[in-house]
Amino acid sequence: MDAGERWQILRLHIEDQIPLTVLARDTVVGLRTLERWNARYRTGGIAALDPKRRSEAGRRRTPAELVAFIERLALTRPRPSIATLHRLVLAEAQRQDVPAPSYSTVRDIVQALDPALVTLALEGPASYRDRHELVFRRRAERPNQTWQSDHTELDISIIGMNGKPDRPWLTTVMDDHSRAICGYMVFTGAPSAMNTALALRQAIWRKTDPAWAMCGIPDILHVDHGSDFTSHHLERTAIALHVRIIHSTVGRPQGRGKIERFFGTINTELLSTLPGHTGPGARTPQPVLNLAELDQAIGAFIGIYNSRPHSELGISPRDAWVANGWLPRMPDSLQELDGLLLTVPKNRVVQRDGIHFQGQRYLAPTLAPFVGHTITIRYDPRDISEIRVYDKDTFICTAIDEAHPNLRLSLRDIETARRARRKQLRRAINDRIPTVATHETSRTPAPAKPRSRLRTYEEDS
């Protein structure tokens, strides 16, 4: 209890004339303590109510050599317990033929050590840097000068592809100057270079929503040392787009503090309001949302986040990015950007009826001269209603799935439908096998014939 807190109690006696016996009865402070406070106040004022530091008194009574001995032991790794330290000090005091300090004196001397000094001595420079080192928070001078990108596992359980609970991940791309979210990607499974590329693709290209104005190529991309951020794919893309990639120092994520705070905002403001939220220490809830529904909720929240005033900027991230009007550096075309960022599957041969990929058939009039030729396709796993066709890195055309010309299909949707169909067929087979077996046993046994295996054709894979 400091001098101010003591004065708040003693003031009732000094100014309001309440007897000390009544104060002792109504508070947790004893009568003799109140009398001692009153005496100190009468002689030295409020400053005299400040408690004396026992560690300083202990230092005055303890010889300097013994204090130095105690501090040296307290800064040695591994630090001995106070009881062990006190026993060592007793032996040292006997050796020096000086009065031995009490246990409480040794404890007070140890507790009076500078916390930064203790951290550096016992836990090393890394812990000292993270706890006590002065941090310089730099802000980019203009929009698109520096972007940050990072992943986080979200505190929510969703319905996975196999119908079981799953924990999704979020990749975001943030403009350092405006704190605006330029692009994002929600996915399940471990972070990969593909997820990073899709988030960057959305961040760089123009959005269909006019309120989401952020776009363009950054000068610097600040990332960590994850395998996806250090991939050759991202490195080649950065070279082609003239983007400088800066990796944060290993074990020092402070440079990405702004995007880390946004992840905290997502968890506290959005996910806590959604079904399936997994709070600290809470049981894993039953998932309700699927990946597409969570993606939609996060997209809507990002729109709100970009439009509302930021506590540090005083204006919204969108207004800070737009500023007084300027032209971002853009790729020549979306095809060029896709050629750098989108995944490259195995080569495909153009058939007479089009390009076969993931059980779909893609057509475009421009493919006529390439029938029988091997080409390369690129696609967005979130929308495989169309693919982009390349011949030796030269863009040819965009081929459309004619079966669903007006429907945006995702690769996950098709895979889910395939699994459901296979399960349906397996159930039908299992239902028929016992019936066939019962029917056959009622007849005269026939000579056993080798069972023919169900042949699987390439088209069935």
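How many residues does region 1-53 hold that are assigned to a loop (DSSP other than H, G, I, E, B) and of a type in the set (A, V, I, L, M)?
4
Taking the conditions exactly as written (under 20 Å from ALA121 (Cβ atoms), surrounded by 13 or more Cβ atoms within 10 Å (Cβ to Cβ) and under 52 Å from the mean Cα position of the chain (by Cα)), does LEU10 satisfy them or not?
Details: under 20 Å from ALA121 (Cβ atoms): no; surrounded by 13 or more Cβ atoms within 10 Å (Cβ to Cβ): yes; under 52 Å from the mean Cα position of the chain (by Cα): yes.
Spelling it out, it is not the case that LEU10 is under 20 Å from ALA121 (Cβ atoms), surrounded by 13 or more Cβ atoms within 10 Å (Cβ to Cβ) and under 52 Å from the mean Cα position of the chain (by Cα).
Scan region 49-67 and report the pairs whose first residue is closer than 16 Å to ALA100 by Cβ and modelled with pLDDT of 75 or more and whose second residue is surrounded by 12 or more Cβ atoms within 10 Å (Cβ to Cβ) and among the basic types (Lys, Arg), with Cβ atoms within less than 7 Å and a gap of 6+ or a chain change.
If the second residue must be surrounded by 12 or more Cβ atoms within 10 Å (Cβ to Cβ) and among the basic types (Lys, Arg), the pairs left are VAL67/ARG59.
Take VAL98 and decide whether it is within 27 Å of TYR128 (Cα to Cα), assigned by TED's automatic domain parsing to the domain that holds SER127 and modelled with pLDDT of 80 or more.
No.
Does any residue of region 219-237 turn out to be assigned to a loop (DSSP other than H, G, I, E, B) and modelled with pLDDT of 80 or more?
Initially, region 219-237 is screened for residues assigned to a loop (DSSP other than H, G, I, E, B), giving 219, 224-231.
Of the ones still in play, those that are also modelled with pLDDT of 80 or more are 219.
Scanning region 219-237, I find at least one residue that is assigned to a loop (DSSP other than H, G, I, E, B) and modelled with pLDDT of 80 or more, so the answer is yes.
When the residues of region 74-101 are narrowed to those that are surrounded by 13 or more Cβ atoms within 10 Å (Cβ to Cβ) and of a type in the set (Gly, Ala, Ser), which ends up farthest from ALA64 (Cα to Cα)?
ALA74
Can you find a residue that is touching a helix residue (DSSP H, G or I) at 6+ places or on another chain (Cβ under 9 Å), in contact (Cβ under 8 Å) with a residue 24 or more places away in the chain and not assigned by TED's automatic domain parsing to the domain that holds TYR128 anywhere in region 73-91?
no
How many residues are in contact with a strand residue (DSSP E or B) (Cβ under 9 Å, 6 or more places away or on another chain) and either farther than 19 Å from GLU293 by Cα or without any contact (Cβ under 8 Å) to a residue 24 or more places away in the chain (or both) if we restrict to region 170-182? Can you show your working first?
First pass over region 170-182, keeping only residues in contact with a strand residue (DSSP E or B) (Cβ under 9 Å, 6 or more places away or on another chain): 170-177, 180-182.
Restricting the remaining residues to those that are either farther than 19 Å from GLU293 by Cα or without any contact (Cβ under 8 Å) to a residue 24 or more places away in the chain (or both) gives 173-177, 180-182.
Residues in region 170-182 being in contact with a strand residue (DSSP E or B) (Cβ under 9 Å, 6 or more places away or on another chain) and either farther than 19 Å from GLU293 by Cα or without any contact (Cβ under 8 Å) to a residue 24 or more places away in the chain (or both): 8 in total.
Let's see how each residue does on (1) in contact with a strand residue (DSSP E or B) (Cβ under 9 Å, 6 or more places away or on another chain); (2) in a loop (DSSP other than H, G, I, E, B); (3) exposed (fewer than 13 other Cβ atoms within 10 Å of the Cβ); (4) at positive phi:
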site: ASN324; (1), (2), (3), (4): no, yes, yes, no
site: LEU327; (1), (2), (3), (4): no, yes, yes, no
site: ILE355; (1), (2), (3), (4): yes, no, no, no
site: GLY372; (1), (2), (3), (4): yes, yes, yes, yes
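The values are calculated or read from the model by the stated rules, or taken from the named source; none is laboratory data. As the structure is a computational prediction, the values presented were derived from the model and not from experiment. Neighbour counts run over all protein chains shown; Cβ positions are idealised from the backbone, glycine included.
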